[in-house]
1. If you take the residues in region 85-112 that are of a type in the set (A, V, I, L, M, F, W, C) and without any contact (Cβ under 8 Å) to a residue 40 or more places away in the chain, which one is farthest from I22 (Cα to Cα)?
2. Condition first: buried (at least 19 other Cβ atoms within 10 Å of the Cβ) and hydroxyl-bearing (S, T, Y). Now tell me which residues in region 75-97 satisfy that.
3. Filter region 98-117 down to the residues that are over 14 Å from A15 (Cα atoms) and open to solvent by less than 10 Å² (accessible area, probe 1.4 Å) and list them by number.
Amino acid sequence: MSQFGYEDLDVWQRAMEWASSIIAAVEEFHTPRKHYRLIEQLEASCTSVAMNIAEGKGRYSQKEFIHYLYIARGSLYETVTLLEIFLRQGWIDDERFDSFKEGAQVIAKMLNSLINSIRSRSNK
């Protein structure tokens, strides 16, 4: 077991890998320099997924944890929306976008499952 409980969560590990792959890809994006704010927003939103999972795990109640999991899911959707904008602008290709979107779909399912699991345990 890890020092911090969030490190043992598969969804946190997956979100970390996903964010790392997006950050690595940013270096190859073909964006005009004037759009650096969108790149910063992409980096912030993709890292926010794992950070909110971790922060929620560190809270005192299951209700608070669920709240942060919802925030993580919102950041996930924000990231996919930004990636869609990058795709429409021609800054990333279809293959890379599809790969990131597939990863996001897996993470979304994992977040939903975790939320449902916590809720069902809380209702017993």
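1. Within region 85-112, the match that is farthest from I22 (Cα to Cα) is A108.
2. S75, T79
3. I115
The values are calculated or read from the model by the stated rules, or taken from the named source; none is laboratory data. This is a predicted model, so every value here is computed, not measured. Every residue, glycine as well, gets a Cβ built from its backbone with ideal geometry; the counts of neighbours run over all protein chains shown. SASA here: full protein model, heavy atoms, side chains in, ligands and nucleic acids out. Shrake-Rupley method; radii C 1.70, N 1.55, O 1.52, S 1.80 Å.
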